[in-house]
1. Could you tell me the calculated FRET efficiency between Ile256 and Ala51, based on Cβ-Cβ distance and R0 = 51 angstrom, to the nearest 0.05?
2. Applying 1/(1 + (r/R0)^6) with R0 = 25 Å to the Cβ-Cβ distance of Glu315 and Asn27, what FRET efficiency is obtained, to the nearest 0.05?
3. Based on the alpha carbon coordinates of the stretch 1-72, what radius of gyration and maximum Cα-Cα distance (Dmax) apply, in Å?
4. I want to check the label-to-label distance for Ile281 and Ala340. Put each point 7 Å from Cα in the C-beta direction and report it in nm to one decimal.
5. What are the ³J(HN,Hα) couplings of the stretch 103-114, residue after residue, when phi is run through the Karplus curve with 6.51, -1.76, 1.60 and θ = phi - 60°? Round to Hz, x for glycine and proline.
6. Kirkwood Rh over Cα pairs of the chain into Stokes-Einstein at 20 °C, 1.002 mPa s: D in µm²/s?
7. Which whole-number value in Å³ per residue fits the convex hull of the alpha carbons of the stretch 60-124?
8. Among the GluC sites (Glu not before Pro) within the stretch 196-302, which fall in a DSSP loop and have no more than 11 other Cβ atoms within 10 Å of their own Cβ?
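The values are calculated or read from the model by the stated rules, or taken from the named source; none is laboratory data. Since the structure is predicted, the reported quantities are computational estimates derived from the model, not experimental observations. Here the Cβ positions follow ideal geometry from the backbone for every residue, glycine too, while neighbour counts run over all protein chains shown. Each accessible area value is taken on the protein alone, full model and side chains, heavy atoms only, with ligands, DNA and RNA left out. Shrake-Rupley method; radii C 1.70, N 1.55, O 1.52, S 1.80 Å.
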Amino acid sequence: MKKILITGGAGFIGSHVVRRFVNNYPNCQIFNLDALTYAGNLENITDIQDAPNYTFIKGDIVDVDFINDLFQKHQFEGVLHLAAESHVDRSITDPLSFVRTNVIGTMNLLNAAKTIWAGAMEGKRFYHVSTDEVYGSLGATGLFTETTPYDPNSPYSASKASSDHFVRAYGETYGLPYVITNCSNNYGPNHFPEKLIPLFINNIITKKSLPVYGDGNYTRDWLFVEDHAVAIDLVFHEGKNHETYNIGGFNEWKNIDLVKLLCQQMDEKLGRIEGESAKLITYVKDRPGHDLRYAIDASKINKELGWKPSVTFEEGLERTIDWYLSNEAWLKNVTSGEYAKYYYSQYQ
Ligand code: NAD
Ligand code: DAU
């Protein structure tokens, strides 16, 4: 059986990718390697945990000996690398942990893959999952393309940009067969409630204030997470080696407009009077180095691989809200303990 390693498969996007690969590729053994940090949660993938082609491994990509032994033991033919520290605000308070996981951790995986694939790169693939934030900030117009120069502004995006550069460098220098995708903001089930949409859903449920950074006129391009998983599957199997593909939702929203829509939909779902949740909106101190606008030109992946988003924002947001409302236990579990400390230090 072909062995495929997916890193970060207990996280938000990773859990959707692991599920898709386990269900769609019964002839591949899918290994999910995850350190189970605060963001990793095996409850995200209980439905596939007993599948015969699935193996979970708890481990840290920063641990070089562990990674080398793992690659020697299993001789993976493909790697999909999603494990990362992923929250911009946390990168502002603790940048070094982002260098450790996102840069050193990626380097460890690259070195291990290069070693076991030496002299036999044919048919192998290292897929690095990256972000549109590496391109920096757009003004009022324009879109990020695959040739937009890198210009990261946060420690998070700088660490992701650095890892992207190393992946490319390993392709050029050692012939490592890689692909990179740079995707826009994801949303959907299993999103950790430190990020805008799930944080605000949780705060609306619990009637806490909704902390909008700055004037709320920042713009993001939102993509439903399952559409991202479809794109990742397609690029992994059909993308060209040494290529980058941008992935986006063709779906730009100013934060404040998105928050108002969310409040409206939550009022309906919770049977509250119209306008009740919007009263929770509170403008707070801005995020330092806050990027004004992200928007992706996803025409390359559309033309070359035929991918486009299939879920409209209205449908995706409703499915997301419904998921949180019917998974109260999940939400309670992830917002107990350490979360309270994080919340207090970030918002009080
Ligand atoms: P997440 O924070 O929800 O999950 C990250 C996962 O990685 C967690 O399961 C965590 O336990 C694991 N992890 C963290 N450090 C690790 C380590 N040292 N060793 C092993 N595992 C470790 O992240 P996400 O939002 O699902 O993002 C996944 C990937 O997609 C990241 O590389 C991120 O940069 C990228 N990305 C995210 C978005 C988005 O909107 N969320 C958009 C574009 C790209
Ligand atoms: O663009 C892709 C990126 O999207 C990913 O690479 C990151 O991993 C992911 O976290 C996300 O980054 P953002 O910083 O765009 O997402 P976040 O949900 O943190 O914030 C979205 C917008 O909402 C941003 O303009 C900041 C704002 N915001 C966020 C929070 C958490 C608020 O106004 N208030 C908040 O409390």
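1. Details: r = 42 Å, r/R0 = 0.83.
In this case the efficiency is close to 0.75.
2. Numbers: r = 32 Å, r/R0 = 1.29.
The calculated FRET efficiency here is 0.20.
3. Considering the stretch 1-72 through its Cα atoms, Rg and Dmax are 11.7, 32 Å.
4. My value for the distance between the label points is 3.1 nm.
5. 9, 5, x, 5, 4, 4, 5, 4, 5, 5, 5, 4
6. Working: Rh = 20.6 Å.
The Stokes-Einstein estimate is 104 µm²/s.
7. Details: hull volume 4.9 nm³, N = 65.
Expressed per residue, the convex hull around the Cα atoms of the stretch 60-124 is 76 Å³.
8. Numbers: sites: Glu226, Glu238, Glu243, Glu252, Glu268, Glu274, Glu276; in loops: Glu274, Glu276.
Within the stretch 196-302, the qualifying GluC sites (Glu not before Pro) (loop, at most 11 other Cβ atoms within 10 Å) are Glu274.
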